[in-house]
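The numbers here are math on the coordinates, done by the rules we state, and not lab data. Since the model is a prediction, treat every value here as computed from it, not as a measurement. Counting neighbours? That spans all protein chains shown, and the Cβs are built from the backbone with ideal geometry, glycine included.
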Amino acid sequence: MTRKSHKKSRNGCVECKRRHTKCDEAKPQCSNCVVVERTCEYAAIRRRKPSQAQQQRRDEAWKSIDRNSLQTRAVDTHETTSEDALPSDDVVATTVTTPGQGASTTASPGHGRASDPDTPINIHHMRLILHFSLYIAYPEIPDHLAKDGTELALRVALETPYLLHQILALSARHPAHLHPDEFQLYYGQAVKFQTRAIEGFSASQPLARDACMPAVLFSSMLSRQSLVDTLSARPSDFAGFIDDFVQCAQLYRGIRAVVTGVSWSSLLQSDLAPFLKWGLSESDVATRGHECDQLLRLLAITPGLDPVSRESCRAVVHHLQTGFDGLANRAPDKNPYRMLSTWNVYLPDEFLDLLGRHHPAAAAVMGWYAVLLHHGRHMWQIGDTGAFILASLVEFLGVEWLHWLEWPQSIIESGS
């Protein structure tokens, strides 16, 4: 990347409005300015509305994984600086000091063959590995599956660097929530590790036949972490949240397009089988509850929706009702909270298009999703997101659409 000097003001770089204490007239091209320049470029790209031809090219690009989009959203959402960074973000890079010698650095690529067994260990990375548990990604998972799944994921990751980077990213993202005073510290590391993971996954294409298990684990963990970042963000308006949510869904579609060729029959015979069966335990086609009946009636009489868009909305509502059914009919071998974190995976392209255009009917559907999330407010990944979405949605839609949100408001405001 070509370095460019930023104009300075009393508060820092004029172009990005961020303060960097290391910037001075004598050294205008410090590393901080380079990082800021990249951030400004990414942010500018993200603010532009694509033409129809650009959108078509973008849809194709998702199949090869748009790594920059994830990094853009992460940097735009939370500021990180080089002063906040933890030790080296390369999994196998470390600084070693020996008696009588200065510090030396040993590094190995972030993806490729396994690192040299003689490579010194980075203590920070070891802490993150020891902190990792499948509970971090799946707080609703049963105890016996969490224990076995954690061991399985770490064992597979030792042979798959991109999965190891993703595990480190998730493990860093959790203490960012647990320790708000150190949020920037851990969140910055989570972004770096996840960016490395996506780069490594992209470089591993096409997938070998025996690489199905790490690819599925990676795609699932990436989807969970991306959703956590989306739900925890608090944009100034609901339109910004919608944009982030659509981007999160599109990211997973790009990953899924790559792993569609995996052999599910072989996976169901592998060590991953118990987790796949548990994860799919609430995939019933028929719905039983009536929480979404009012929403379906409103969608049926809403003007301005063509038949395809109307049907896509009905499909979305079907999965919402499946989520409510799972919560109402719990069983020891079921996953009642599954739809809270996978609903965005089931959204048809037509609905995502409506949502991306901020169509009020599609936005109103998010009110029922807010209620679904409200049932999982005890989970660290969700918290008060349901209440935030509903409050922002009421302001976004205005008084003309308040009758759409009567039921969501009655549930969330009552604390049920």
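Between LEU402 and LEU207, what is the FRET efficiency for a Förster distance of 60 Å, r being their Cβ-Cβ separation, to the nearest 0.05? Please list the in-between numbers first.
Numbers: r = 49 Å, r/R0 = 0.81.
According to the calculation, E is roughly 0.80.
Which whole-Hz couplings ³J(HN,Hα) result when phi for each residue of the stretch 165-177 is put into the Karplus expression 6.51 cos²θ - 1.76 cosθ + 1.60, θ = phi - 60°, listed in order with x for Gly and Pro?
4, 5, 4, 5, 5, 5, 5, 6, 5, 5, x, 4, 7
What spacing in nm lies between the two simple spin-label points modelled at HIS318 and LEU158, each 7 Å away from Cα in the Cβ direction?
The modelled label-to-label distance comes out at 4.4 nm.
Have a look at VAL316, ILE242, HIS378 and report the one farthest towards the positive end of the charge dipole of the stretch 237-386, computed about the Cα centre with Cβ charges (Lys/Arg +1, Asp/Glu -1).
Highest projection toward the positive end goes to HIS378.
Taking the Cα centre of the stretch 144-203 as origin, sum charge times position over the Cβ atoms of Lys and Arg (+1) and Asp and Glu (-1), and report the length of that vector in debye to the nearest 20. Intermediate values should be presented prior to the final figure.
Values: 5 positive and 6 negative charges, 14 e Å.
The dipole of the stretch 144-203 has a size of about 60 debye.
Using all C-alpha to C-alpha distances in the stretch 128-278, build P(r) with 5 Å bins and read off the rounded percent in each one.
With a bin width of 5 Å, the distribution comes to 2, 9, 18, 21, 21, 16, 8, 4, 1, 0.
Can you give me the C-alpha center-to-center distance between the stretch 305-354 and the stretch 360-416, rounded to a whole angstrom?
What the calculation gives is 15 Å, centre to centre.
Under a Cβ-only charge scheme (Lys and Arg +1, Asp and Glu -1), can you give me the dipole magnitude of the stretch 261-393 about the Cα centre, in debye to the nearest 20?
Values: 10 positive and 13 negative charges, 47 e Å.
So the magnitude is around 220 debye.
State the extension gain, in nm to one decimal, for the chain segment bounded by SER236 and LYS147, taking 0.36 nm per residue of separation less the distance between their alpha-carbons. Don't skip to the end; give the middle numbers.
On the way: separation 89, 0.36 × 89 = 32.04 nm, distance 3.96 nm.
Difference between extended and current length: 28.1 nm.
So what is the relative contact order for the stretch 264-377, in percent, with contacts set as C-alpha pairs under 8 Å and at least six apart?
On the way: 93 pairs, mean separation 32.9, N = 114.
It comes to 29 percent, rounded to a whole number.
Please name which of TYR135, LEU272, THR195 has its Cα lying farthest along the dipole of the stretch 128-278 towards the positive end, using unit charges on Cβ (Lys, Arg +1; Asp, Glu -1) and the Cα centre as origin.
Working it through, the farthest residue towards the positive pole turns out to be LEU272.
Quick one: length gained pulling GLU199 to ASP349 fully straight, 0.36 nm per residue minus the C-alpha distance?
Values: separation 150, 0.36 × 150 = 54.00 nm, distance 2.54 nm.
Fully extending the segment from GLU199 to ASP349 adds 51.5 nm.
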